[in-house]
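Here's the structure we're looking at; comments come further down.
The values are calculated or read from the model by the stated rules, or taken from the named source; none is laboratory data. Computed from a prediction, not measured in an experiment: that's the story for all the values here. FYI the Cβ positions are ideal-geometry reconstructions off the backbone, even for glycines, and counts take in every protein chain you see.
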Amino acid sequence: MNRAVLKGVPCFVLLLAAGPPQRLAAQRPDTLRPAALRIYPTRPDSARAMMRRLLATLSPQDSLYPGALFTAGRIAADASAAATNLQRVVVEYGRSVWADSALFVLTHLYNAQGDPAATVQAAERLRRDYPDSPLRARADFTGARAYFELKDEAHGCELVREALDRVGEDVELKNQVSFYAARCGALPVPVTAAGPDGATTPAPSDTQHAGGATPTAYAVQVLAVKSAAQVDEMLTRLKVMGFDAHVVRDTSGLFKVRVGRYATRSDAQQAQARLKTKLGGQPFLVEEP
């Protein structure tokens, strides 16, 4: 499958024309993947079975393996199976021609799951490891929208501007990016003050506002890390405990997990005490606009 086709394919649903099924016995390994893609729109279970057999037949060292793994991820029956196969392509076959495509699909998959922290992590990795990928503009745009969900306007606008620079002749994408670019005038760059531990010390913007302005709300910060996996784990724990949590990101790349938007400092302090009892550590109050 031509990798350029991926530019217009949302998430991991393939919009490919169906073709007549072929006899497996007559097929070589290098023809099974395109055959599975042809029958996937009308016979998804058969297509997945073909890819399972192909992966079981191939050696992981075979040059066909990463492409088969990528295709298995694209046509997987659920998001978890899709993510597992696509992540393997990125981690185990990072130098293959499929790696940037796998990251691109992961970016959209995480976005569809409503996970902005994982979305920006995938978009940033594609941006860092495959700067010349033809998929960069679309991945940057998806990452930008995830940054906006995380209330990180500076990083979101940075990706919007990069997407505009790379959009080329894709008029539809250019219109979408331009719509978001309207909110990205001259933005101040937030200043981060890193503490001795490099992770949990709040920046000035976390605890105070310029000119002594009154904050709109208070929150309790419980974690600050660079790993989206740790963020996901903490968000799950907090949800199970009944806390409403969200994520923001600062200019150093830290994901900050915070609980609540409390109207008064007293309410936030009560939540802080509950979090300290249940989670331990040193949760602290921050002000949010």
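For residue 161, are the conditions met, namely being out of contact with any His (no Cβ under 9 Å at 6 or more places or on another chain), in a helix (DSSP H, G or I) and at pLDDT 80 or above?
yes
Looking at 126, 86, which is the one that is farther than 22 Å from residue 48 by Cα and crowded, with 22+ Cβ neighbours inside 10 Å? Write out each step before concluding.
Working: 86 fails: farther than 22 Å from residue 48 by Cα.
Selected residue: 126, the only one of 126, 86 that is farther than 22 Å from residue 48 by Cα and crowded, with 22+ Cβ neighbours inside 10 Å.
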Output the residue which, of all residues in region 55-70 that are free of Cβ contacts under 8 Å to residues at least 12 places away in the same chain and among the small types (Gly, Ala, Ser), is nearest to residue 104 (Cα to Cα). 63
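For every residue, the table says whether it meets (1) at pLDDT 85 or above; (2) of a type outside the set (Phe, Trp, Tyr); (3) in a helix (DSSP H, G or I); (4) surrounded by fewer than 22 Cβ atoms within 10 Å (Cβ to Cβ).
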site: 1; (1), (2), (3), (4): no, yes, no, yes
site: 19; (1), (2), (3), (4): no, yes, no, yes
site: 60; (1), (2), (3), (4): yes, yes, no, yes
site: 73; (1), (2), (3), (4): yes, yes, yes, no
site: 102; (1), (2), (3), (4): yes, yes, yes, no
Counted residues, region 146-155 - those being part of a helix (DSSP H, G or I) and surrounded by fewer than 20 Cβ atoms within 10 Å (Cβ to Cβ): 4
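Please work out if residue 238 is hydrophobic (A, V, I, L, M, F, W, C), under 25 Å from the mean Cα position of the chain (by Cα) and not assigned by TED's automatic domain parsing to the domain that holds residue 117. Write out each step before concluding.
Details: hydrophobic (A, V, I, L, M, F, W, C): yes; under 25 Å from the mean Cα position of the chain (by Cα): yes; not assigned by TED's automatic domain parsing to the domain that holds residue 117: yes.
Yes, satisfied.
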Does any residue of region 104-113 turn out to be touching an Asp or Glu at 6+ places or on another chain (Cβ under 8 Å) and assigned by TED's automatic domain parsing to the domain that holds residue 38? no
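The rows are residues; the columns are (1) at pLDDT 80 or above; (2) in contact with a His (Cβ under 9 Å, 6 or more places away or on another chain); (3) closer than 26 Å to residue 121 by Cα.
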residue	(1), (2), (3)
208	no, no, no
214	no, no, no
219	yes, yes, yes
222	yes, no, yes
243	yes, no, yes
259	yes, yes, yes
277	yes, no, no
Could you check region 75-97 and list, in sequence order, the residues that are outside any helix (DSSP H, G or I) and free of Cβ contacts under 8 Å to residues at least 40 places away in the same chain? 77, 78, 93, 94, 95, 96
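Which strands (runs of 3 or more DSSP E) sit wholly inside region 229-289 and have at least 3 residues that are crowded, with 18+ Cβ neighbours inside 10 Å and in contact with a Leu (Cβ under 8 Å, 6 or more places away or on another chain)? Can you show your working first?
Working: elements: 245-249, 255-262, 284-288.
Strands (runs of 3 or more DSSP E) meeting the threshold: 245-249, 255-262.
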